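Notes follow once the structure below has been shown.
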Amino acid sequence: MDDLTRIKGVGPSTARALAAAGIDSFAALAAADAGDLMGHEAFRGLRAGRGDVAVWIAGAADFVFEPPKRGARGGGAEAQTPKAGGPTPPADPSGLVVFVRGPRRGRWRIGRFFGPEGRELSLDALSEDEKAQLLADSALTIETRPAT
């Protein structure tokens, strides 16, 4: 069981609601669906919206994997490794994807177009800055899902 209160925006009452919904680790939260969590009865008394849940999910994913390390030569990214003391990641680091849905007319962010049909992106392919830009845009709906 991970201390989910280490995630920005998750306090003790939210952590209890997550536990009641069966989410007790960073990996479980990172793979959760925001809509499913919001629909769970444990969230009925919380003042949290889908955007809050998406931020928690992205925050949990940050605890699952360290950012890629860049070599001194060639600048290539090495495989991601689990953070010390963190949960054991899935066998494949690209086991999580981010599903981003834009407004009806669409929206350009991080050099990509996001329309109402949504778009799936590999979580490990996004830089920290790109993740922050996506999360900061209130016109986008963001979910973290297991890769299919």
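The values are calculated or read from the model by the stated rules, or taken from the named source; none is laboratory data. Here the structure is a predicted model, which means the values were calculated and not measured. Virtual Cβ from ideal backbone geometry, glycine too; neighbours counted across all protein chains shown.
Per-structure values
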{"item": "Residue within the stretch 5-19 that is under 16 Å from Asp62 (Cα atoms), free of Cβ contacts under 8 Å to residues at least 40 places away in the same chain and among the β-branched types (Val, Ile, Thr) present", "result": "yes"}
{"item": "Inter-residue pairs, beta-carbon under 9 Å, first under 11 Å from Thr144 (Cβ atoms) and in the stretch 110-126, second among the charged types (D, E, K, R) and surrounded by 13 or more Cβ atoms within 10 Å (Cβ to Cβ), 6+ apart", "result": "Glu120/Arg145; Leu121/Arg112; Leu121/Glu130; Leu123/Lys131"}
{"item": "Test: residue in the stretch 2-20 that is under 14 Å from the mean Cα position of the chain (by Cα) and among the polar types (S, T, N, Q)", "result": "no"}
{"item": "Residue in the stretch 38-46 that is of a type in the set (Gly, Ala, Ser), touching a residue at least 12 places away in the same chain (Cβ under 8 Å), closer than 17 Å to Arg145 by Cα and in contact with a Leu (Cβ under 8 Å, 6 or more places away or on another chain) present", "result": "no"}
{"item": "Residues (modelled with pLDDT under 85 and farther than 19 Å from Met38 by Cβ) located in the stretch 132-148", "result": "Ala132, Ala136, Ala147, Thr148"}
